[in-house]
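Novice: Below is one structure. I have some questions about it.
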Amino acid sequence: MEYFDIHCHMLPGVDDGAQTMEESLSMIELSYSEGTRDIILTPHYERTRNKCTRDELREKFAKLKEEVYKRHPDMRLYLGNEVLYEEGVIQDLKDGKIQTMNDTKYVLVEFNIRTSYSQIYEAVQKIENARFRPIIAHVERYRCLFKHIDRIDELTRMEALLQMNISSVYGGFLDENARWCKKLVKEDYISFFGTDAHDMEERAPYINDYVPWIEKKCGIDFLEKTFSENPKKMVENKYIFD
């Protein structure tokens, strides 16, 4: 099947991901070889530390998209931001300073790993009250959620959508982080997977190493939902709720 990567850092020279056009193209070439045909580029948005404005991101994105099309006309690219939640983010969303996911109401939002649960809960409420739809990036990282299935359940009942980094399912029974991630996957809490790729070495956009476990434990329908159906609904601004 073809994959849809909704979280990566391949736009060149804008954050701690790819630094050059050549590196970006190498990462996309690897993604293509893995079977990925749709990618949302999600450079970091940190209010006082951004290297580029939204318009500058769009200019860089257009250039990359043009180069990718020359090599792979069937590769579809979209633009978003991975937004670090902090004071002022809601106003920035309302003011159009943040690049939402393909200009939809969906927002990929991350938190400091030590953020309290009450702060994440409040952030989800505020984003939704502003009429945006939060996708919590790499949900497996936050200490306040680890082994708290009740909190995961509460967030999904609030209609927050959860994204997991695909490599997080790797690990044996003795790896408690991997066990937690596998539990979230098997119990159908995850709406999207992403590579969160930053480079061609330690954080490359590999997918196929991890898909067999997901298919074995959850089935092809779950793969289709998380890697195709939900992402396509999201970039078309359609309603998703698992």
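The values are calculated or read from the model by the stated rules, or taken from the named source; none is laboratory data. Quick caveat, the model's predicted, so the values are computed rather than measured. Glycine gets a Cβ as well: all are built from the backbone with ideal geometry, and neighbour counts include every protein chain shown. Calculation scope for accessible area: heavy atoms of the full protein, side chains included, ligands and nucleic acids excluded. Shrake-Rupley method; radii C 1.70, N 1.55, O 1.52, S 1.80 Å.
Novice: Tally up the residues in region 203-222 that are outside any helix (DSSP H, G or I) and either among the acidic types (Asp, Glu) or surrounded by 12 or more Cβ atoms within 10 Å (Cβ to Cβ) (or both), please.
Specialist: The number of residues fulfilling the criteria is 8.
Novice: For region 176-197, name all the residues that are in a strand (DSSP E or B), hydrophobic (A, V, I, L, M, F, W, C) and more than 18 Å from Ile120 (Cβ to Cβ).
Specialist: Phe193, Ala197 - these are the residues of region 176-197 that are in a strand (DSSP E or B), hydrophobic (A, V, I, L, M, F, W, C) and more than 18 Å from Ile120 (Cβ to Cβ).
Novice: Here are some residues: Thr104, Thr42, Thr53. Which one is at negative phi, free of Cβ contacts under 8 Å to residues at least 60 places away in the same chain and among the β-branched types (Val, Ile, Thr)?
Specialist: Going through Thr104, Thr42, Thr53 in turn, just one is at negative phi, free of Cβ contacts under 8 Å to residues at least 60 places away in the same chain and among the β-branched types (Val, Ile, Thr): Thr53.
Novice: Take the conditions more than 30 Å from Arg131 (Cβ to Cβ), in contact with a helix residue (DSSP H, G or I) (Cβ under 9 Å, 6 or more places away or on another chain), of a type in the set (A, V, I, L, M) and modelled with pLDDT of 95 or more and apply them to Val211. Does it pass?
Specialist: yes
Residue by residue, here is whether (1) among the β-branched types (Val, Ile, Thr); (2) out of contact with any Phe, Trp or Tyr (no Cβ under 8 Å at 6 or more places or on another chain); (3) surrounded by fewer than 16 Cβ atoms within 10 Å (Cβ to Cβ); (4) touching a residue at least 24 places away in the same chain (Cβ under 8 Å) holds:
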{"site": "Met10", "(1), (2), (3), (4)": "no, yes, no, yes"}
{"site": "Glu22", "(1), (2), (3), (4)": "no, yes, yes, no"}
{"site": "Tyr32", "(1), (2), (3), (4)": "no, yes, no, yes"}
{"site": "Arg37", "(1), (2), (3), (4)": "no, no, no, yes"}
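Conditions (1) open to solvent by less than 10 Å² (accessible area, probe 1.4 Å); (2) modelled with pLDDT of 95 or more; (3) out of contact with any Phe, Trp or Tyr (no Cβ under 7 Å at 6 or more places or on another chain); (4) more than 29 Å from Leu223 (Cβ to Cβ), marked per residue:
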residue: Leu41; (1), (2), (3), (4): yes, yes, no, no
residue: Glu46; (1), (2), (3), (4): no, yes, yes, yes
residue: Arg49; (1), (2), (3), (4): no, no, yes, yes
residue: Glu56; (1), (2), (3), (4): no, yes, yes, yes
residue: Glu66; (1), (2), (3), (4): no, yes, yes, yes
residue: Pro73; (1), (2), (3), (4): no, yes, yes, no
residue: Ile98; (1), (2), (3), (4): yes, yes, no, yes
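Novice: Pull out all pairs, ordered by first then second residue, where Cβ-Cβ is under 6 Å, the residues are six or more apart or on different chains, the first lies in region 223-237 and is within 14 Å of Leu161 (Cα to Cα) and part of a helix (DSSP H, G or I), and the second is among the small types (Gly, Ala, Ser) and open to solvent by less than 80 Å² (accessible area, probe 1.4 Å).
Specialist: Note: pairs meeting the criteria are Asn230/Ser191.
Novice: When you look at Tyr189, is it open to solvent by 10 Å² or more (accessible area, probe 1.4 Å), in contact with a strand residue (DSSP E or B) (Cβ under 7 Å, 6 or more places away or on another chain) and of a type in the set (Phe, Trp, Tyr), yes or no?
Specialist: Yes; evaluated as a whole, the condition is true for this residue.
Novice: If I filter region 154-175 for residues that are assigned to a loop (DSSP other than H, G, I, E, B) and open to solvent by less than 10 Å² (accessible area, probe 1.4 Å), do I get at least one hit?
Specialist: The answer is yes; a qualifying residue exists.
Novice: Restricting attention to region 113-131, does a residue exist that is in contact (Cβ under 8 Å) with a residue 24 or more places away in the chain, among the hydrophobic types (A, V, I, L, M, F, W, C) and either under 22 Å from Thr195 (Cβ atoms) or open to solvent by 60 Å² or more (accessible area, probe 1.4 Å) (or both)?
Specialist: Yes; the residues of region 113-131 include at least one that is in contact (Cβ under 8 Å) with a residue 24 or more places away in the chain, among the hydrophobic types (A, V, I, L, M, F, W, C) and either under 22 Å from Thr195 (Cβ atoms) or open to solvent by 60 Å² or more (accessible area, probe 1.4 Å) (or both).
Novice: Go through (1) more than 20 Å from Glu229 (Cβ to Cβ); (2) under 19 Å from the mean Cα position of the chain (by Cα) and name the single condition Thr104 misses.
Specialist: (1)
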